[in-house]
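Mind looking over this structure? Questions follow.
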Amino acid sequence: MRPNWTLNALAEQLQLPLSAATEVTISGLATLEQAGPGDLCFFANTRYRPQLRQTAAGAVIAPESAVADAPCPVLISANPQLDFVRVAELFDSPEPAQAGVHPSAEVDPTASVDPSAWIGPQVSVGPRSRVEAGAQIGPGCVIGADCVVGPDCQLIARVTLVLRVRLAARVLVHPGAVLGADGFGLVPQAGGWRKVPQLGGVTVGEDCEIGANTTIDRGALGDTVLERDVRLDNQIQIGHNVHIGEHTAMAGCSAVAGSARIGANCLIGGGAGVLGHLQVCDGVTITAMSLVTHSIKSPGEYSSGVPLMDNRSWRRAAVRFKQLDKLLGGKQDKET
Amino acid sequence: MRPNWTLNALAEQLQLPLSAATEVTISGLATLEQAGPGDLCFFANTRYRPQLRQTAAGAVIAPESAVADAPCPVLISANPQLDFVRVAELFDSPEPAQAGVHPSAEVDPTASVDPSAWIGPQVSVGPRSRVEAGAQIGPGCVIGADCVVGPDCQLIARVTLVLRVRLAARVLVHPGAVLGADGFGLVPQAGGWRKVPQLGGVTVGEDCEIGANTTIDRGALGDTVLERDVRLDNQIQIGHNVHIGEHTAMAGCSAVAGSARIGANCLIGGGAGVLGHLQVCDGVTITAMSLVTHSIKSPGEYSSGVPLMDNRSWRRAAVRFKQLDKLLGGKQDKET
Amino acid sequence: MRPNWTLNALAEQLQLPLSAATEVTISGLATLEQAGPGDLCFFANTRYRPQLRQTAAGAVIAPESAVADAPCPVLISANPQLDFVRVAELFDSPEPAQAGVHPSAEVDPTASVDPSAWIGPQVSVGPRSRVEAGAQIGPGCVIGADCVVGPDCQLIARVTLVLRVRLAARVLVHPGAVLGADGFGLVPQAGGWRKVPQLGGVTVGEDCEIGANTTIDRGALGDTVLERDVRLDNQIQIGHNVHIGEHTAMAGCSAVAGSARIGANCLIGGGAGVLGHLQVCDGVTITAMSLVTHSIKSPGEYSSGVPLMDNRSWRRAAVRFKQLDKLLGGKQDKET
């Protein structure tokens, strides 16, 4: 069902020069290694030059400097990765947008749904919530009270917006995500914990993406905030009153504890954590599974953890780690 | 839509003395830094004394010793944090409890639902399950077979109780949580894995709270148990046959592997893990992203991990970690 | 409601010899420590010999060498753990399989459902998808476009298959799992991120098991692949274009980043991570919360991390870790 393009038509569509005249037809996209004669690839990293030389692809998007190494016609590009994405968009075939309210959906009488929006099967929309023009609410989503789903947002399926969640335009939310649940606030009192009411909401800026089974709690006082173009992968946990700056991207299973503030243009690696109430400035990269234990005031790359070793060597190093302070002359304490 | 209170009325409601006569009206709650003249704040930690001195708040809840530093009237409190929570409860406006079974819900004929309980839209209740007085089952929840939802429990939305899950009174479960799925039990046999039937259930005590997308597996033999007033944040994983003592609180993304036993009044930090079959005594604190690799027999605070460093320094330290045993005189092994 | 068996009948059913003539009746299964006179246990690990000697169980499955220590009749087995699982299967009482489409379900007219399959309440099945013979689709599941659910698959409840997800026979998926969501692919462009279309799908082999709230993204080009008999626990994250070999088992909260390749017969511990584009060969064990930072070419056990310590000792060791390179003679860099 995907379209076929002649390479000439693609070149014209993308406004990119071709390295040679050709009659090649492109029916799919692939990596250099897996491509066949009907496939288009891209070459952006010189590390893959051997794969480029050996590729069976029908054509490749690459910089001019790679033409000599390519065994096939080249679409010459100053940014092959981005131009490959532009081709991929031509080969994508998303389901068309829909409009209207599915008869199995439940919409509270005080909620409003734009006629151009779609409310899918088994969806529930709560009191005083608003679904704006072109928004697509897929099967099984639950929208609670006092929420706003902005224009052209997409909630793929089984997304929950609990309470006071406001999505700006074009926010994309994947299945299982939960936005606006109670922040984790407790104070001790006689006989156990007392829950702190969570009076705030969640504000999500334009063009944000929120991954499958990611959770973003609403604020205790004031909102939890994602600025525009924040990109969250799957299974991320964002605590209450966190603030994340624009263009920051976080990889799967990372987490930010309550009231921390992450700057703009940060990259947070998979499984990394940021403790509560910290500040991370703009332009910081955190490597995978690192724990941010203090505020960061200079852009750059930060890490914690120790390297992977075979288990036997690791056991020895780990024992030495416990002895480090004593071995290096510190005052000794009883160990666990 | 939130209520306005005169400060005098709040003082009377909370039974707290005021530092000065005042006509202030309170329309919201805020932090010392963000508050405006209609807001009430609290001051509990002397570290925030500068913020107290500069606050624009209309009033503050604080100990008597802070009155001189406050630029506004003070509600004098021996426990400002707890009294602030009491005010927050007055400013909260939860949706009122409902009763009855929504027409789009599916209730098995062998299940029972108390007339004062609410079964919301798109809910499914399985064979022989029981929903008790005042319980609120929000949109999209699935209750499987042989479950009990105790009096005044709240399942906010899209919660799943799979099989043999018994919730005592006033348990609060957030969206996406899954209780009672199969524990992860496998034995090797010729040709692959053989699954171990999970014959137990899950028992949750009174006043527990279970966060969004948290998972609690049912026991293999006997139950997985949360005692009363256990508080679990989002995306926590509790393995089969785990036992957690009362008042223990666990932060987001932490995990406890099968058959481990956590005591009462423990605090488990975000992303921390406890290996299977271990015992952790009462009163233990585990810091964020630590891994508990042995049983703990004394109350106190425990940690693992290494501190965050700039990536270049960290790479050097990490190399040294691999060399530690050799550098410190150990018998050398080949490294990975 | 569970069956009672005489021990003689169980011995005959399992084809195992009994250590002594007996009239015992078995009404349940338990551990050596918790068993009463109506319970059957197993003994497989000599570490538990004291518990065996003291058990109040009615009978035990154990190797012949344990008969002298058992205070009760023994079902003599060369593989007590596996034979115990066989008994547990006799004591399990799963709900019977169902057939047909529940009236509250929504099935797209272009989808096909085998008459022997079951589509439960509040389920949605999208365009061109196919549900094959005997498959059980529990309450609240969402099946998107172009998916295949193979024969005798079980989707317990609230499972989402987003797009181009193909499950082979007898795949078991627990609640909240999301398969086939967009992989996390972004390229920078002027003004922010541009999303990479995810044109592939997800392929899952026979007899795989996928835990609650686990997420498996679909491929960017080509599929994300689980070979047959892969077993995934809860809250696991599998990135796009990952390939996992047969019989590999992963414990809760572990994660594999995009395009990594995990071999067959691997065991990945809880909370462990594998970075993108790495290769892990067959027969590798990764211990809990380790991070795989380089490809692994030899079978064996691998670890990272440092041991748990009391917090005071840990703080000293952690400081020393930061000083390691300097203390051991390296060229010093400014520290964070």
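Here is a list: B:S77, B:S93. Which entry is small (G, A, S), under 30 Å from B:P17 (Cα atoms), surrounded by fewer than 20 Cβ atoms within 10 Å (Cβ to Cβ) and under 29 Å from the mean Cα position of the chain (by Cα)?
Among B:S77, B:S93, only B:S93 is small (G, A, S), under 30 Å from B:P17 (Cα atoms), surrounded by fewer than 20 Cβ atoms within 10 Å (Cβ to Cβ) and under 29 Å from the mean Cα position of the chain (by Cα).
Among the listed residues A:V107, A:V85, A:V67, identify the single one that is hydrophobic (A, V, I, L, M, F, W, C) and free of Cβ contacts under 8 Å to residues at least 12 places away in the same chain.
From the options A:V107, A:V85, A:V67, the qualifying one is A:V85.
Looking only at residues that are open to solvent by 10 Å² or more (accessible area, probe 1.4 Å) and within 8 Å of another protein chain (Cβ to nearest Cβ) in segment B:238-248, which one is nearest to the chain's Cα centre (by Cα)?
B:H247
Table: residues versus (1) under 20 Å from A:M309 (Cα atoms); (2) more than 7 Å from every other protein chain (Cβ to nearest Cβ).
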site: B:G222; (1), (2): no, no
site: B:V230; (1), (2): no, yes
site: B:I236; (1), (2): no, yes
site: B:A272; (1), (2): no, yes
site: B:H277; (1), (2): no, yes
site: B:S298; (1), (2): no, yes
site: B:Y302; (1), (2): no, no
site: B:R315; (1), (2): yes, yes
site: B:L327; (1), (2): yes, no
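I'm told C:T215 meets every condition in (1) facing chain A (nearest Cβ under 8 Å); (2) in contact (Cβ under 8 Å) with a residue 24 or more places away in the chain; (3) surrounded by fewer than 22 Cβ atoms within 10 Å (Cβ to Cβ) except one. Can you identify the failing condition by its number?
(3)
Next question, about the same structure. Among the residues of segment C:160-182 satisfying the criterion of being at the interface with another protein chain (Cβ under 9 Å from one of its Cβ atoms) and out of contact with any Ser or Thr (no Cβ under 9 Å at 6 or more places or on another chain), which is nearest to C:G239 (Cα to Cα)?
C:D182
Also, quick follow-up: Assuming C:D233 fulfils every condition listed in (1) over 25 Å from B:S254 (Cβ atoms); (2) in contact (Cβ under 8 Å) with a residue 24 or more places away in the chain; (3) buried (at least 24 other Cβ atoms within 10 Å of the Cβ) apart from one, which condition is it?
Only one criterion is unmet by C:D233, namely (1).
Checking C:G144 against (1) under 29 Å from B:G185 (Cβ atoms); (2) in contact with a Leu (Cβ under 6 Å, 6 or more places away or on another chain); (3) of a type outside the set (A, V, I, L, M), only one condition comes out false. Which one?
It is condition (1) that C:G144 fails.
Shifting gears a bit: Among the residues of segment B:171-201, how many are open to solvent by 20 Å² or more (accessible area, probe 1.4 Å) and either over 21 Å from A:G176 (Cβ atoms) or outside any strand (DSSP E or B) (or both)?
11
Quick one: in segment C:309-325, of everything that is polar (S, T, N, Q) and in contact with an Asp or Glu (Cβ under 7 Å, 6 or more places away or on another chain), which residue is surrounded by the most Cβ atoms within 10 Å (Cβ to Cβ)?
The qualifying residue surrounded by the most Cβ atoms within 10 Å (Cβ to Cβ) is C:S313.
Condition (residue is within 12 Å of chain B (Cβ to nearest Cβ) and among the small types (G, A, S)) applied to segment A:99-115: is it met by at least one residue?
The answer is yes, given that some residue of segment A:99-115 is within 12 Å of chain B (Cβ to nearest Cβ) and among the small types (G, A, S).
Go through segment A:183-194 and report how many residues are touching a residue at least 12 places away in the same chain (Cβ under 8 Å) and either farther than 18 Å from A:S259 by Cα or facing another protein chain (nearest Cβ under 8 Å) (or both).
The qualifying residues number 1.
Let's see how each residue does on (1) open to solvent by less than 70 Å² (accessible area, probe 1.4 Å); (2) in contact with a strand residue (DSSP E or B) (Cβ under 7 Å, 6 or more places away or on another chain); (3) part of a helix (DSSP H, G or I):
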| residue | (1), (2), (3) |
| --- | --- |
| C:A9 | yes, no, yes |
| C:A20 | yes, no, no |
| C:E23 | no, no, no |
| C:T31 | yes, yes, no |
| C:Q34 | no, no, no |
| C:P37 | no, no, no |
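Just to be sure I understand the filter: pairs with C-beta atoms under 9 Å, separated by 6 or more residues or on different chains, first member in segment C:285-297 and outside the structural domain of C:V274 (by TED's automatic domain parsing), second member open to solvent by less than 30 Å² (accessible area, probe 1.4 Å) and at pLDDT 95 or above. Which pairs pass?
Listed pairs, sorted by first residue: none to list.
So which residues in segment B:141-175 are β-branched (V, I, T) and within 20 Å of the chain's Cα centre (by Cα), if there are any at all?
Scanning segment B:141-175 gives B:V149, B:I156, B:V159, B:T160, B:V165, B:V171, B:V173.
The values are calculated or read from the model by the stated rules, or taken from the named source; none is laboratory data. Bear in mind the structure is a predicted one, so any value in this text is a computation, not a measurement. Virtual Cβ from ideal backbone geometry, glycine too; neighbours counted across all protein chains shown. Calculation scope for accessible area: heavy atoms of the full protein, side chains included, ligands and nucleic acids excluded. Shrake-Rupley method; radii C 1.70, N 1.55, O 1.52, S 1.80 Å.
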